[in-house]
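Colleague: Let me begin by handing over the structure; questions about it come next.
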Amino acid sequence: MLQQQLCMSLSADPTPSPTPGTVAYREYDFHDREEDVEQALNDLLARTKDGLLHVLIDEAYFGGRQKYGPTHSTFVTRLCQSVPGLYLWAASVVHTDIPPELRPEPLTVPLRCAPSVLREITPAIERYQTSIHNYSNSGVPAPGDGLSVIRLSHHGNAHTGRWPVDCAQCGQDIAAELHRLGVGNTLCYRDVFVLTRSSDLQDDISDDGGRVVSPASPVVRGLRAAGLPVCVLSKKNKANAPRLERDLQDVALATTDRLTVAYYGYLHGMERRVVVVLSGRNQYHDLSQTDDSIEVFDRLEAASRCTTQLIMVPTPTPTTETNTTAATFAIATTTSKYIDTIPRTSRDEDNPSCIVQ
Ligand SMILES: [Zn+2]
């Protein structure tokens, strides 16, 4: 949305200008092109005004667990060394990885979720408090407690498969609940995310002739059978990158009135009034994780996208499976929290605080 708004400003005044206060659009590839870091630094330094620079980074990773973590760290460290008046807001940061040149000021006021939703997220944060700050009691009263969390059951004769994503009945049950909430009537379909960690989620896969060679996941078929317009963003969409990019942009701008069923790794930073969380495993990453550990991810990365009405669809723990692996892993903070960091070397105490929402 922010990118879209800046591009609108740019189209209103497309004259290229290097001066501060004007919009310039640049794309850099920090993932695969190290030389882009140098270029980005030069371009930003050229727009520094009176020794001040304000930078906002979404989905920043500074640790070594991600390929671009060291690159992000280098970029921020070089900025700190070059601009004494640097103010940097970074969302979704594991605070144990922050470069030492930054003096962190955690902003932990809950900005997105109703208290009823926060109560689903905070137990997960408390389990991993060594790398994630918990929400603070801001003293700013919420407008209300929010709607009670709805819990659906993937259990019973009509339900199939180990996980809700494999179950058409879960799709039907979710659709019935959404209709009861007024989705498609007082609420739009675009107000709803159905999110999962499952790498098995997929839409219909067709051959070049348009013939479906692999049908959509049962939960998607269940939603469509109930008449809901559905867009699917799955890891298997990666095979069609241009379509995935179009769909992501469409979801980010909420252009089309349709419900989004997605692998939640694609929707960092986005939010919706109604969020349905389907428990599920990522078969590439989670083989050593317990169901309990995966539930933590679901709460931090999926439930935290919800502003108002959360619907959880857990998976009953199979009695025959032993879950003894205490896996060690780190988790990014939810993007509903932000860390405001400034250089250790300089801080203007009189500078008014900035609020990012
Ligand atoms: Zn089910």
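The values are calculated or read from the model by the stated rules, or taken from the named source; none is laboratory data. None of the values given here were measured: they were computed from a predicted structure. Reconstructed Cβ throughout: ideal geometry from the backbone, glycine too, with neighbour counts over all protein chains shown. When the accessible area is computed, the model is the full protein with side chains, heavy atoms only, and any ligands, DNA or RNA have been set aside. Shrake-Rupley method; radii C 1.70, N 1.55, O 1.52, S 1.80 Å.
Colleague: Name the residues whose placed amide hydrogens come within less than 5 Å of the amide hydrogen of L107, ignoring near sequence neighbours (fewer than 5 apart) on the same chain.
Modeller: Y338, I339, D340
Colleague: Right, another one. Counting Lys +1, Arg +1, Asp -1, Glu -1, what net charge surrounds E295 among other residues with beta carbon under 13 Å of its beta carbon? Display every interim value, and only then the final one.
Modeller: On the way: positive: R127, R151, R197, R281, R299; negative: E120, D286, D291, D292, D298, E301.
Neighbourhood net charge equals -1.
Colleague: How large is the accessible surface of E35 in square angstrom, using a 1.4 angstrom probe and rounding to the nearest 10?
Modeller: 110 Å²
Colleague: Quick one: accessible surface of E271, probe radius 1.4 Å, all protein chains present, in square angstrom to the nearest 10.
Modeller: E271 has an accessible surface of roughly 80 Å² with all protein chains in place.
Colleague: Put R272, R305, R33, R65 in order of accessible area, largest first, 1.4 Å probe: what do you get? Can you show the working numbers first?
Modeller: On the way: R272 30, R305 5, R33 105, R65 155 Å².
If we order R272, R305, R33, R65 from most to least accessible, we get R65, R33, R272, R305.
Colleague: Over the stretch 115-313, give the accessible area per residue in Å² for a 1.4 Å probe, as an integer.
Modeller: Numbers: 8760 Å² over 199 residues.
Averaged over the residues of the stretch 115-313, the accessible area is 44 Å².
Colleague: Top to bottom by accessible area (1.4 Å), largest first, where do S206, S214, S304 land? Kindly include the intermediate steps, with their values, before the conclusion.
Modeller: Working: S206 60, S214 35, S304 0 Å².
The residues order as S206, S214, S304, largest area first.
Colleague: Now a separate question. On average over all directions, what projected area in square nanometres does the chain have, based on the convex hull of its Cα atoms? The partial results should precede the final answer.
Modeller: Numbers: hull surface 83.6 nm².
Averaged projected area of the chain's Cα convex hull equals 20.9 nm².
Colleague: Let me ask another. May I ask for the net charge around L187, where only other residues with Cβ less than 14 Å from the Cβ of L187 are counted and Lys, Arg are +1 while Asp, Glu are -1? Don't skip to the end; give the middle numbers.
Modeller: On the way: positive: R180, R190, R258, R272, R273; negative: E177, D191, D257.
Cβ neighbours under 14 Å give a net charge of +2.
Colleague: Rank these residues by their accessible area, most exposed first, probe 1.4 Å: T48, T15.
Modeller: Details: T48 40, T15 95 Å².
Largest to smallest exposure gives the sequence T15, T48.
Colleague: Give me the net charge for the shell around F62: Cβ to Cβ below 12 angstrom, other residues only, Lys and Arg +1, Asp and Glu -1. Intermediate values should be presented prior to the final figure.
Modeller: Details: positive: R65; negative: E59, D97, E101.
Its environment carries a net charge of -2.
Colleague: Another question about this same structure. Rounded to the nearest Å, what's the spacing between the alpha carbon centres of the stretch 252-311 and the stretch 69-95? Just the number, please.
Modeller: Cα centroid to Cα centroid, the span is 28 Å.
Colleague: Have a look at the DSSP beta bridges in the chain and tell me what percent are antiparallel, nearest 5.
Modeller: Values: 13 of 41 bridges.
Of those bridges, close to 30 percent are antiparallel.
Colleague: State the percentage of accessible surface on the chain attributable to carbon and sulfur atoms; use a 1.4 Å probe and exclude ligands, DNA and RNA.
Modeller: Values: 9150 of 18120 Å².
About 50 percent, which is the carbon plus sulfur part of the accessible surface.
Colleague: Using only the Cα atoms, what convex hull volume per residue in Å³ does the stretch 192-257 have? Intermediate values should be presented prior to the final figure.
Modeller: Details: hull volume 6.9 nm³, N = 66.
That works out to 104 Å³ per residue.
Colleague: Quick one: putting +1 on the C-beta of Lys and Arg, -1 on the C-beta of Asp and Glu, what dipole do you get for the chain around its Cα centre, in Debye to the nearest 20?
Modeller: Details: 33 positive and 43 negative charges, 131 e Å.
Result for the chain is approximately 620 debye, rounded to the nearest 20.
Colleague: Subtracting the Cα-Cα distance from 0.36 nm times the residue separation, let me have the gained length for E35 to K49 in nm, one decimal.
Modeller: On the way: separation 14, 0.36 × 14 = 5.04 nm, distance 2.44 nm.
Here the segment from E35 to K49 would lengthen by 2.6 nm.
Colleague: So what J values fall out for the stretch 290-298 if you push phi through Karplus, 6.51 cos²θ - 1.76 cosθ + 1.60 with θ = phi - 60°, rounded to Hz, Gly and Pro as x?
Modeller: 7, 4, 5, 5, 5, 4, 4, 4, 4
Colleague: Could you go through the stretch 178-187 in sequence order and give the Karplus-derived ³J(HN,Hα) for each residue, using 6.51 cos²θ - 1.76 cosθ + 1.60 with θ = phi - 60°, rounded to whole Hz, and x for Gly and Pro?
Modeller: Residue by residue, the stretch 178-187 yields 5, 4, 5, 6, x, 5, x, 10, 7, 10 Hz.
Colleague: Tell me, what ³J(HN,Hα) does each residue in the stretch 222-229 have, in order and in whole Hz, if you take phi through Karplus 6.51 cos²θ - 1.76 cosθ + 1.60 with θ = phi - 60° and put x for Gly and Pro?
Modeller: x, 5, 5, 4, 8, x, 8, x
Colleague: Pick out, from S206, N137, A303, the residue whose Cα sits farthest towards the positive end of the charge dipole of the stretch 115-313, with +1 on the Cβ of Lys and Arg and -1 on the Cβ of Asp and Glu.
Modeller: S206
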